[in-house]
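Some notes on the structure that comes next.
The values are calculated or read from the model by the stated rules, or taken from the named source; none is laboratory data. Fair warning: this is a prediction, and the values are worked out from it, not measured in the lab. Cβ placement follows ideal geometry from the backbone for every residue including glycine, while neighbour counts extend to all protein chains displayed. These area figures cover heavy atoms from the full protein model, side chains too; ligands, DNA and RNA do not enter into them. Shrake-Rupley method; radii C 1.70, N 1.55, O 1.52, S 1.80 Å.
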Amino acid sequence: MKYLVMVQGTQADYEAMQGKASEHSAAWSQEDVQAMYAFMSDLNNDLAETGEMVDGQGLAEPAKTRHVTLGDDGKAVITDGPYSETKELLAGYWVLDCASLERVTEIAERVLSCPQPAGAPAYPVVIRPIDDGSGDV
């Protein structure tokens, strides 16, 4: 079964990783950022070796996000960032092909152990099964 495993973040979190602390997120040092990237690289390599990795990407900061909605007049309404510090958005994801929900949950627990500085916010790791279209809606 394929699963989408998601991590969240805010604009303040991305700014914190650039060394700018806020009331919502502690500033990260270069060593903190390097430790996080090394952890994610090791995780991705392990998942590739087991054959469970289908895809995985970190996403650009929310300030580079564009929302496209439908206005009352039926025309597209386009809104660019930046967004408020507390608005959580998708920060990164993995598409994994795992034998069971228990296995993907083990992987999500590993994601939670990613190093970060004291005072950085902790977000849940969200697991969503990917519907293959063969079941009931």
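A value for Rg/Rh (Cα atoms, Kirkwood Rh) was derived from the coordinates, and within the list (1) 1.49; (2) 1.07; (3) 1.03 it appears as (3).
Relative contact order, percent, of segment 1-54 when contacts are C-alpha pairs under 8 Å separated by at least 6 residues? Walk me through the numbers on the way to the answer.
Details: 30 pairs, mean separation 9.4, N = 54.
Result for segment 1-54 is 17 percent.
Ellipticity at 222 nm from helices only: DSSP H runs of n ≥ 4 in the chain, each -39500 (n - 2.57), divided by the residue count, give -9000 deg cm²/dmol.
Calculate the dipole size of the chain relative to its Cα centre from +1 charges on Lys and Arg beta carbons and -1 charges on Asp and Glu beta carbons; express the result in debye to the nearest 20.
Working: 9 positive and 23 negative charges, 60 e Å.
Computed about the Cα centre, the dipole is about 280 debye.
When you restrict to C-alpha pairs under 8 Å that are six or more residues apart and normalise by the size of the chain, the relative contact order lands at 43 percent. Averaged per residue, the chain has 63 square angstrom of accessible surface, using a 1.4 angstrom probe with ligands and nucleic acids left out.
Split the accessible area of the chain by element, probe 1.4 Å, and carbon with sulfur accounts for 51%. Could you work out the local net charge near Tyr123, counting Lys and Arg as +1, Asp and Glu as -1, over the other residues with Cβ closer than 11 Å to its Cβ? Here the charged neighbours net out to -2.
Taking amide H as placed 1.01 Å from N in the peptide plane, Gly56 has its amide H under 5 Å from the amide H of Val95, each at least 5 places away in sequence or on another chain.
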